[in-house]
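These notes concern the structure reproduced below.
The values are calculated or read from the model by the stated rules, or taken from the named source; none is laboratory data. The shown structure was predicted, so the numbers you read here are calculated from the model rather than taken from an experiment. As a convention, Cβ positions derive from the backbone with ideal geometry for all residues, glycine included, and neighbour counts pool all protein chains shown.
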Amino acid sequence: MSELEIIGVPQSNFVRTVIDKTLPDVRTYVGVCNRAVAQTGHLVGTDFSYADMNLLPVLAYLRECPESGEAMNATKELAQYLNRHSERASFKATVPPPFSELRPRSP
């Protein structure tokens with residue numbers, strides 16, 4: 001069962017087409033982020049900042065999806081960045097719920 005089916009979106013050719021169309025941009029974004037955190041272990045500067053706080057939930061969701069998760073796992077620095085910062089108490093307290101816990105909204 002795909003993440004989309006878990007939250008109530010039926011898998012369709014349209015959904016697959018959208019995923020396939022956006023995946024190259026996602027891989028580019030993941031590569032940019034990987035290079036950004038490579039030197040200091042932070043998105044901007046040498047300390048944990050608001051920029052990191054905004055990026056981490058996005059990366060958490062990207063890691064859950066098969067295609068973007070594969071791109072994330074192919075990076076060394078970005079994967080280490082997410083693993084390290086996901087151990088922070090503040091991240092654990094605010095981590096977005098996994099797709100399996102999301103429910104579709106009623107129309």
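For Y50, the criteria (1) aromatic (F, W, Y); (2) at pLDDT 95 or above; (3) closer than 24 Å to T22 by Cβ hold in every case but one, which is (3).
Keeping to region 54-67, report how many residues are of a type in the set (A, V, I, L, M) and free of Cβ contacts under 8 Å to residues at least 24 places away in the same chain. Break it down stepwise before answering.
The initial filter retains those residues of region 54-67 that are of a type in the set (A, V, I, L, M), namely 55-56, 58-60, 62.
If we keep only those that are free of Cβ contacts under 8 Å to residues at least 24 places away in the same chain too, we end up with 55, 58.
Summing the residues that are of a type in the set (A, V, I, L, M) and free of Cβ contacts under 8 Å to residues at least 24 places away in the same chain in region 54-67 gives 2.
Among the candidates E64, E70, the residue that is farther than 23 Å from T94 by Cα and of a type outside the set (S, T, N, Q) is uniquely E70.
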